[in-house]
Structures are given as C-alpha cells and as structure tokens.
Amino acid sequence: MVDKNRNLVVISAPSGTGKTTIVRHLMQENKNIRASVSYTTRNIRPNETNGLDYVFVTVKTFESMIIQNMFLEFANVFGHYYGTPTKETLEALNQDYTLILEIDWQGAEQIRLKRPGSLSVFLLPPSKEELKKRLTSRAMDSTDQIELRFQEAIKDIEQYSYFDRVIVNNDIESTCEEIMSLVNSPHTTKPAVSGEALAVIKSFTELGGEKI
C-alpha cells in the first residue's frame, strides 16, 4: 500500500515570514501541488476571498465542527480558531496530489501524531530586523498587535527542532527550490538545520523579551 502521508507537507513559520507567498509560488510552479484551505473564525480581510484564502465561519460553527471531529488539526492562534478539514485533505491525497498545510506549530504537532511520515518545514525570516520590517510594512495590524506577533514569533521559533527541515526564507526562488528538493527526496542526508538557520534562531531565542 502506498503511503499517502509523504504527500502531506506542513509549512509553518512566524507571522510575517512570508509563508503564504511561498505556498502560492509553489502551486504556480508545480501543477501537482495543492494547498489546503483552512477554516477560521477571524474576520475576512479586504484582499481575501472566502473559500479561496480561508473558509470563514462563526465560533459556534467551528466548535460544532470540532465536536463532529471534522478537523485533521486545529488551533487557537491570536484569539481565533484555525483548522484543517479532514475530508478535503484525504480527497486530495487520494488523488495523488502533494498537499500543503500552511499551519502553525500547534497544528504541525497534531499532524505529526496523526499522519506519521508526513513532511514538515519551518520557515525563518532572514533576521529579526527583517521580520519587524515585514510585520510593519503589511499595515494590517496596530502597533500593539505587531508587538504581540513579534513576541509570539520568538515562541514559534523555539519549536524549530521538531521539524524535518528549517529554511531561512531569504528569497522566494531559493526557498521554493529547497522545499521541492525535500518533497522529491525526503530521505536526503542534508542537515535539518543549516548554520545560517541556527544563527537566526539564536538571534531570536536570546532576545529575552526585546520589544520592537
């Protein structure tokens, strides 16, 4: 029996790292790649389309879906629920697509338990300065929210060791190339964490509550 789990790829990253851009580029360049559309209880943003970026539902609906065991994984992130639907995920895998789950580390942890053999990638920003710049330039959050996301990024990065590969997202092309290399050759002997990645991780984990 073919193990479909190896076609399941988890991509996690701190908010502002650019994971959505990376996932979209992977899909544009690879016809066999699809991205799971998560359900969420947060409000829709002006540049988003319901059913394409996320499926936007009420808290009541989401919690009802939890009770009905309709999520492969779910988590509460920044006060809002996010979840990966089981039915759509299994359908894509059964059609031999490589399916990307763009989820946080809490969801990644659940996937590792439920779908052993799946691949997991953690993306890092090039530096803490670049992450601050990206969070600020998005102009989607208040100063307090940006600070919260930056502090949360430090906690996210502390989870790096649980992932199959840690990649510094310096640019779209090189990041996508490295992800595809892992997808095509999951048993590579390349180290999970490069020296560059370790340096970035160290710069964040030694911050000790530094503020923007």
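Structure values in brief
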{"quantity": "Fraction of alpha-carbon pairs over 13 Å apart in segment 86-127 - percent", "calculated": "61"}
{"quantity": "Calculated Rg and Dmax of segment 1-137 using C-alpha coordinates, Å", "calculated": "15.0, 48"}
{"quantity": "Electrostatic dipole magnitude of the chain [Cβ: Lys, Arg +1; Asp, Glu -1; Cα centre; debye, to 20]", "calculated": "260"}
{"quantity": "Computed lengthening from Asp144 to Glu29, 0.36 nm per intervening residue step minus Cα-Cα distance", "calculated": "37.7 nm"}
{"quantity": "The chain: calculated mean residue ellipticity at 222 nm from DSSP helix runs of at least 4, using -39500 (n - 2.57)", "calculated": "-12500 deg cm²/dmol"}
{"quantity": "Pair-distance profile P(r), taking every C-alpha pair of segment 99-157, with 10 angstrom steps and integer %", "calculated": "19, 41, 28, 11"}
{"quantity": "Share, in percent, of DSSP beta bridges within the chain that are antiparallel, nearest 5", "calculated": "30"}
{"quantity": "Along principal axes, Cα extents of segment 55-104, largest first, whole Å", "calculated": "34, 22, 15"}
{"quantity": "q = 0.15, 0.20, 0.28 Å⁻¹, segment 1-69: log10 I(q)/I(0) [Debye, one scatterer per Cα]", "calculated": "-0.69, -1.07, -1.26"}
{"quantity": "Hydrodynamic radius by Kirkwood, which averages 1/r over all alpha carbon pairs of segment 95-193, in angstrom", "calculated": "15.1"}
{"quantity": "Computed P(r) (all Cα pairs; segment 144-212; 5 Å bins; percent)", "calculated": "3, 15, 22, 22, 18, 12, 6, 3, 0"}
{"quantity": "³J(HN,Hα) computed for each position of segment 95-106 - Karplus, 6.51 cos²θ - 1.76 cosθ + 1.60, integer Hz, glycine/proline x", "calculated": "8, 6, 7, 7, 10, 9, 10, 8, 9, 7, 5, 5"}
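Bear in mind these aren't lab numbers, they're just calculated from the coordinates by the rules spelled out. Note that the structure is a prediction, hence the values are computed from the model and not measured. As a convention, Cβ positions derive from the backbone with ideal geometry for all residues, glycine included, and neighbour counts pool all protein chains shown.
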